[in-house]
Structures are given as structure tokens and as C-alpha cells.
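The values are calculated or read from the model by the stated rules, or taken from the named source; none is laboratory data. These figures come from a predicted structure and were not determined experimentally. Cβ: placed from backbone, ideal geometry, glycine included. Neighbour counts: every protein chain shown.
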Amino acid sequence: MNTLRTILVLMAPDARPGPALHRAMAYAHRSGATLHLEIFDHYEPIDYAGTVFGVEVADRARRDFLDERMKALADVARGLADNGLRVECDVSWARDPARAIVARIRALRPDLVIKDIDCEPVTDAEAGRLRPSSVDWKLIRLAAAPLMLVHPRSALEPRRVMAAVDVSINGAAGALNDQLLAAARACLVGDSSSLHLGSVFSCLPLGSYDAGFIANTWELMDGAHAEQLKRFASRHQLRPAQVLRTRRLEPADGIATLAAQNAIDLVVIGSTYHPAIDRLLFGSTAEALLRRLSCDVLLIKPADFDLASEARPKRERRLPLGRHRSDSVA
């Protein structure tokens, strides 16, 4: 994370600093990147007031609402600037926050988007696990930038990082594996031995086929996967001790198990997008994995990821910290 230029930090509506902001600050101190803090918020009663009392009343209420948000955000920004960081601020009125954020990412083109993620359990069995919101799920699919979701109990920076790769795919899709490992290496703090490669062989034999053609085929496939992973690790100068491999019917379960067993702080995974009905097939492994992890996650899109056809929503309100967007707080 030493080559970052712009980090977009998605702040809570009350501008309360969380682990994601602290992580972004650490990266900014190392890289000299500009922190862009932004709140996306909306209050439905204000829109309704416009239908009852008129547009002017609603506009005034909207301005007051956003002014309060900006005041709190500006206080945070000034504190960061006093610590030598370059900071920019925005507050946006967003009826559809996910769509507004996606458009903002496309316009700002940040090197990293960072956001806090909830982990409040629905059941005791889910204690500590990530619990993505509806906005999180949409950003996972559509955000055209690396997206880091930070666990509420995360340390300032991750010490043990794992890139989850699928070495069974080749060509352009397989190139994503190289991106994942490069991103994981960039996130690493300290000894390079804390960088790991994780992969799952997801074809398990049926119990009734413990011998014969099917069992032999499974063993050949298992061996081929192990050899492919070994070659990939060697090409990237990783030692055998840094390679984590398991066999599971579900890849997501395998990656989550590897992360838990090896005390991984951050898992780096790939994220793709399929339009229309194919969206039902999107990232089945990535989505299932997010429901199982109890650590931070960094989602990386393929290099050719493009959603140019997505319409950009109108930005209804922008309140900079007394400057134009291109200026910084110093």
C-alpha cells in the first residue's frame, strides 16, 4: 500500500471514526495518499415534506441536514490534517447510497475504497462473522476499485495476509490470481513470511467410490491441483510453508477454514460481475465466503472490469471543506 494516491473512506452518517478510517490513516501516512472522506446519507421525511409544504421548505431542510453532517465530518478532517495528512471531504444526499457510491468511485477513481463492516451476529454460531449490509453487497458487485471491508475488532494494520486463488483457471480469468497475490503482498506489514497463498481443491469423491475409475480420476485431479498451486507459488517466490491448501466440497468453506486455522487478519479474494439473470451466479464463492469470515477482506476486480453502461446518479449536494474538490486540507 505504499503506492496509493487516493483513498476513498466511506464514513458513517455521524462521521464517527472507525477501524476503516484508522486503517486508511496508516496507509496514507506510508504512501502520502490523499484521504477522501465522504458521507452518503438521506432522510425520507425531508422528501415527503416537499410534497406537503413545498420544494423550498424541503430544500432548506435538506441543506440543514447536510450541513450538520458536513460539520461533523469537517471536525474529523481537521484532526487528520493536523497530523500531517491531506484530506478532502464530501457529503452527498443519496436516496440510493450504493448507486451513488459506485458513481463516485467511477468519477474519483480511487486506488482503494475502505469501509467498516458490521459483524453483529444473528445467531450464536455467527458470533464474530462478517455481516454485510445491502449496500456492502452492491458495492462488492459493482465497485470498480479495490474494496476493503474492515472488521470492527481489527488491528491498525493486518499482520497475516492470505490471497485466495483458484489455480484451476487459465487465460484472462487466471490472471486475476496474479492481481490477488500482488494486492496481498502490498497489504503486508512486517516479515514476508506472514504472506500466504490459499487454495481449495473442491472436487471430493463420493464415499461409495473409494476405488476404481472415479476414485482414480479424483486422485489425478487432486494431484494436478496440488502441482498447479506449487508452480504458481514457485513463480512468485513463495516458500512451501507459505502455501495453504485444503480439500472441501465448498471452496468458501475451505478458504474460511484456512483463514481461521492460520489466524489470518486479511483475506484477499477476486470479485466478478455478470449482468441480468447471470447475476444469480455472481461470485457464489465470494458471497458465501463473506458470510463465513471473521476477519478483514479485500475484494479485487479483474483488470478489465468495466461497468461504463451504469448510469451515474445526479449529485444533489456537495459541501467541500471550504475548497474545491481538487484542493486538500493541509
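Any idea how many residues of region 246-263 are free of Cβ contacts under 8 Å to residues at least 12 places away in the same chain and closer than 21 Å to Gly174 by Cβ?
0
Identify, from the list Val189, Val200, the residue that is among the aliphatic types (A, V, I, L, M), under 24 Å from the mean Cα position of the chain (by Cα), modelled with pLDDT under 85 and surrounded by 14 or more Cβ atoms within 10 Å (Cβ to Cβ).
Val189
For region 42-65, check the following and say yes or no: at least one residue is under 27 Å from His22 (Cβ atoms) and among the acidic types (Asp, Glu).
No, that holds for no residue.
Just to be sure I understand the filter: pairs with C-beta atoms under 6 Å, separated by 6 or more residues or on different chains, first member in region 223-245 and touching a residue at least 60 places away in the same chain (Cβ under 8 Å), second member part of a helix (DSSP H, G or I) and surrounded by 11 or more Cβ atoms within 10 Å (Cβ to Cβ). Which pairs pass?
Once the first residue is touching a residue at least 60 places away in the same chain (Cβ under 8 Å) and sits in region 223-245, its partners that are part of a helix (DSSP H, G or I) and surrounded by 11 or more Cβ atoms within 10 Å (Cβ to Cβ) give Leu244/Leu258.
Taking region 146-169 on its own, how many of its residues are closer than 20 Å to Tyr27 by Cα, modelled with pLDDT under 95 and of a type in the set (Gly, Ala, Ser)?
Residues in region 146-169 being closer than 20 Å to Tyr27 by Cα, modelled with pLDDT under 95 and of a type in the set (Gly, Ala, Ser): 2 in total.
Can you tell me how many residues in region 224-261 are surrounded by fewer than 14 Cβ atoms within 10 Å (Cβ to Cβ) and touching a His at 6+ places or on another chain (Cβ under 8 Å)?
So the count comes out to 0.
Can you name the condition, by its number, that Leu319 falls short on among (1) modelled with pLDDT of 65 or more; (2) closer than 30 Å to Asp75 by Cβ; (3) touching a helix residue (DSSP H, G or I) at 6+ places or on another chain (Cβ under 7 Å)?
(1)
With the condition being among the β-branched types (Val, Ile, Thr) and free of Cβ contacts under 8 Å to residues at least 60 places away in the same chain, I'd like the strands (runs of 3 or more DSSP E) fully within region 20-116 carrying at least 1 qualifying residues.
Because the criterion is at least 1 residues that are among the β-branched types (Val, Ile, Thr) and free of Cβ contacts under 8 Å to residues at least 60 places away in the same chain, the strands (runs of 3 or more DSSP E) in region 20-116 that meet it are 34-41.
Take region 138-156 and flag every residue that is hydrophobic (A, V, I, L, M, F, W, C), closer than 21 Å to Val102 by Cα and in a loop (DSSP other than H, G, I, E, B).
Correct list: Ala143, Ala144, Ala145.
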